[in-house]
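The values are calculated or read from the model by the stated rules, or taken from the named source; none is laboratory data. Note that the structure is predicted; figures quoted are calculated from it, not measured. Cβ placement follows ideal geometry from the backbone for every residue including glycine, while neighbour counts extend to all protein chains displayed.
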Amino acid sequence: MPTHPNGTPAFATSQDSELWVSILEKAWAKLHGTYARTEGGLPDFAATHLVGVPSESINHAAVEDQEDFFRTLKSADKK
């Protein structure tokens, strides 16, 4: 895995220094050929590719009706 000269991971890390984060990112980079192709993007895109099911991102700050949002979550959970 790519590291800085001081030995710390060059890309994704966790607050608890868990290794699985870097391993998962390495697998994602291998899938796409290079770390450069993994920059940016949305978590729902990665989730769709990793688990093979549709996903959707929701901007929580844009939620105006909490009850409607909860119904959306319940509907997605049932699917």
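Observations on the structure shown:
- Scanning the range 39-50 for residues that are acidic (Asp, Glu) and assigned to a helix (DSSP H, G or I) yields a single hit, Asp44.
- Residue in the range 38-55 that is surrounded by 10 or more Cβ atoms within 10 Å (Cβ to Cβ), hydroxyl-bearing (Ser, Thr, Tyr) and touching a Phe, Trp or Tyr at 6+ places or on another chain (Cβ under 7 Å) present: yes
- Set Thr8, Thr13, Thr34, Thr3: member being surrounded by 12 or more Cβ atoms within 10 Å (Cβ to Cβ), farther than 19 Å from Gly52 by Cα and without any contact (Cβ under 8 Å) to a residue 12 or more places away in the chain: Thr13
- Looking only at the range 51-68, residues that are modelled with pLDDT of 90 or more and assigned to a helix (DSSP H, G or I) come to 3 in all.
- Filter pass, Val21 being within 30 Å of Lys78 (Cα to Cα), assigned to a loop (DSSP other than H, G, I, E, B) and aliphatic (A, V, I, L, M): no
- Failed criterion for Arg71 (all others in (1) loosely packed, with under 10 Cβ neighbours inside 10 Å; (2) assigned to a helix (DSSP H, G or I) hold): (1)
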